[in-house]
Amino acid sequence: MSSTAAVLSNPRIKRSPGHTATIYLKEAKYEFLKNLRLRMYTASVLSFPLMFYVLFGLVLNSKEAIGGTGVPTYLIATYGTFGVMGASLFGTAAGLASDRGLGWLQVKRASPMPPFAYFAAKVVVSMAFSAIVVLLLIVLGIAFGGVRFPLGEMSKLVSTLVFGSIPFSAMGLAVGYFAGPNSAPPTINLIYLPMSFCSGLWVPFMFLPKVVRQIALALPPYHLSQLALGIVGAGNHESIAGHWEVLTAFTLICLGVARIGFQRDQDKMYG
Amino acid sequence: MMPLLAEKFVGLTTGREEAEGQSGSENMASITTFEQRPFAVSTVAAPTVASLESVTKNYGQIRALRGVDFNVHSGEVVALLGPNGAGKTTAVKLLLGLTQPNSGKVRIFGGDPTNPANRTRTGAMLQVGKVPETLRVREHIDLFSSYYRNPLPLAEVLAAAGLEKISDRKFGDLSGGQRQRVLFALAICGNPDLLFLDEPTVGLDVESRRALWEEIRALVHRGKTVLLTTHYLEEADALADRIAVINQGAIVAAGTPDEIKAKTSGKRIRCSTGLSLAAVRRIPGVAEVHEDRDALEIHTSRAEPVVRELLALDPTLSGLEVTSAGLEEAFLALTQDNNKNESKEN
């Protein structure tokens, strides 16, 4: 009844494209600043992959190679995937679960904010932090690990990993819609850490037990890391299209789940 | 006594016609309004900007609102007064289009509250558990201002909410009172016509509360319409033109602050006496008596005649205390009044 009324008398807010763009930009800018100043976020998202890389890629195994690719180069692809995953999952799920569960999202929804701007900001900022992690890894690798890339290869690696943030942002939205404000971070860790291990992000894939290698085929970080490894001449050399297909399907499933959560939230009481 | 029942309060406006701005019917409506409601002076001919029409809202088994009728007219301050869990926040969320009623109609500016265009004309201060803490006060305001077409200048918002000195602080470093002021600033920064303030002063100390009242009054002077919810009678009295008392999802009384106060200004007399309960109950003006440990507790609307009679009947009476009944008792009284009137009608 009221929904028909809404359809009939629901003129969208008339804004100039410039105004709309300003809203999206500000939403993203403040989302970025918010996360940048959040020590919990920067510590776990930036420091862990960088620390692991310095330790295992530069200090310990820098002279060795995996299947013809130098360890410092190989680990940029895998820790890069690990960093992208963390930046995206924490960047979306933790903030969303808290905003949703503790009333902030209601304040935003009661305002004339375009709802899509809120989600777009989270995805874009996750991509931005993903880019930062990957670029820092590359800088470290070039400076201290003797890593040498042709420029084209490097930009392909960065753009693949940054684009690969999207499936994990989608997953973060799904988790954010079903986890509570306090349970979201541990839930993410519960997904993120085992998935990283099983996908060969910590221990190179070929050294994993066979059972784990079979599980990995179903895990999105495996597919993203294989795409990244493929660019630097390592990995299992499977079909590139196949990896993207898995990642796309995974993204759509997660968005579907997030949408169910979104609908469910429309009529839920808080506090 | 003046008729203060919810039904009277409500049946006054033909919200739809007024909202659609048909001036003829609007005038008609305001005439009837005036005749039926002696206290409607300030709202004569003012169009309805927000209304609930026989609205019912359930959350699973919980009946949050049961057939509520409620109007807010342009330019007035209306307080929804009630205890926690009475349905105040639910009413506000329905009017903001954040949730849908199970039955009945909710209207804002004559249209659907989920209409995004209406949201540019409203501002809301809701109860929030956690606001992003790493953003600065001016950054929060900058972002919210960007959503509106004609926002107030930042300096004006900061001044109106008393935030000039702390505009560079991060939200997480603010005190409770300062946080409420930021939420208030976010509600007003878009220069909306209609403001919803859901328990704006909850958890504030007396000083911060009064400061926020001043800020709300300043807004009203600028012609804004305000719907505020509160569980402080004092607050409703200080700010509102009209008060609707809500309890267990139903409006149990409505009227001007003076009328509501008259209904709720009960007194509680406590004393040790040899008189029996029955004897005390026979004293005119005694509403209720019960034993409380070794004393009697008497509820009445006016204490003086009852005390005079008590002292005359029992010269040995001791430990006499007269206190104002708390708001909870007032709600109880209002609810009981409502029930009595209902049973009379049946």
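With Cα atoms defining each centre, the range B:142-157 and the range A:41-90 are spaced 43 Å apart in the structure.
Rounded to the nearest whole Å³, what is the per residue volume of the convex hull around the Cα atoms of the protein assembly as shown?
Spread over its residues, the Cα hull of the protein assembly as shown gives 207 Å³ apiece.
Assuming charge only on the beta carbon of Lys and Arg (+1) and of Asp and Glu (-1), the dipole of the range A:116-271 about its Cα centre is about 120 debye to the nearest 20.
Axis angle, to the nearest 10 degrees, between helix A:184-198 and the longest C-alpha principal axis of chain A: 30 degrees.
Here the protein assembly as shown carries DSSP beta bridges of which approximately 70% are antiparallel, counting only pairs with both residues inside. Length gained on full extension, A:Ala120 to A:Val54, computed as 0.36 nm times the residue gap minus the Cα-Cα distance: 20.5 nm.
Under the definition of partner shielding as Cβ atoms of other protein chains within 10 Å of a residue Cβ, what is the mean value for peptide A:36-48? Could the numbers behind the result be given before it?
Details: counts 1, 7, 4, 1, 1, 1, 0, 0, 0, 0, 0, 0, 0.
For peptide A:36-48, the averaged partner shielding equals 1.
So what is the relative contact order for chain A, in percent, with contacts set as C-alpha pairs under 8 Å and at least six apart?
23
Kindly provide log₁₀ I(q)/I(0) values, in the same order as q = 0.11, 0.15, 0.23 Å⁻¹, from the Debye equation applied to equal alpha-carbon scatterers of the range B:106-209. At q = 0.11, 0.15, 0.23 Å⁻¹ the computed log10 ratios are -0.33, -0.61, -1.27. Neighbouring Cβ atoms from other chains, within 10 Å of the Cβ of residues in A:242-250, number 0 on average. For the pair the range A:183-216 / the range B:172-203, the C-alpha centres are spaced 45 Å from each other. Return the tail of the calculated pair distribution for the range B:50-262, meaning the percent of Cα-Cα pairs more than 30 Å apart. Roughly 20 percent, rounded to a whole number.
If the label point is 7 Å along Cα→Cβ of B:Glu214, which residues in the range B:134-163 have backbone nitrogen under 18 Å from it? Counting backbone N atoms under 18 Å from the label point, the list is B:156-163.
Between A:Leu137, A:Leu38, A:Leu255, the GNM of chain A built on Cα springs shorter than 10 angstrom shows A:Leu38 fluctuating the most. Projected over all directions and averaged, the alpha-carbon convex hull of chain A occupies 16.5 nm².
Please sort B:102-112, A:96-106, A:76-86 by packing, taking for each peptide the average over its residues of neighbouring beta carbons within 10 angstrom, highest first. Write out the running numbers ahead of the final one.
Numbers: B:102-112: 19.2, A:96-106: 21.6, A:76-86: 29.9.
In decreasing order of mean packing, B:102-112, A:96-106, A:76-86 become A:76-86, A:96-106, B:102-112.
Using the Cβ-Cβ distance between A:Phe32 and B:Ala262 with R0 set to 56 Å, the FRET efficiency from 1/(1 + (r/R0)^6) comes to roughly 0.50. Fully extending the segment from B:Asp292 to B:Glu309, taken as 0.36 nm per residue of separation minus the present Cα-Cα distance, adds 4.1 nm.
Rounded to the nearest 20, the size of the Cβ-charge dipole of the range B:266-324 about its Cα centre is 180 debye, with Lys and Arg at +1 and Asp and Glu at -1.
Coordinate-derived values only; no laboratory data. Small disclaimer: the values here were computed from a predicted structure and weren't measured. Using ideal geometry, Cβ is built from the backbone for each residue, glycine included, and neighbour counts are taken over all protein chains shown.
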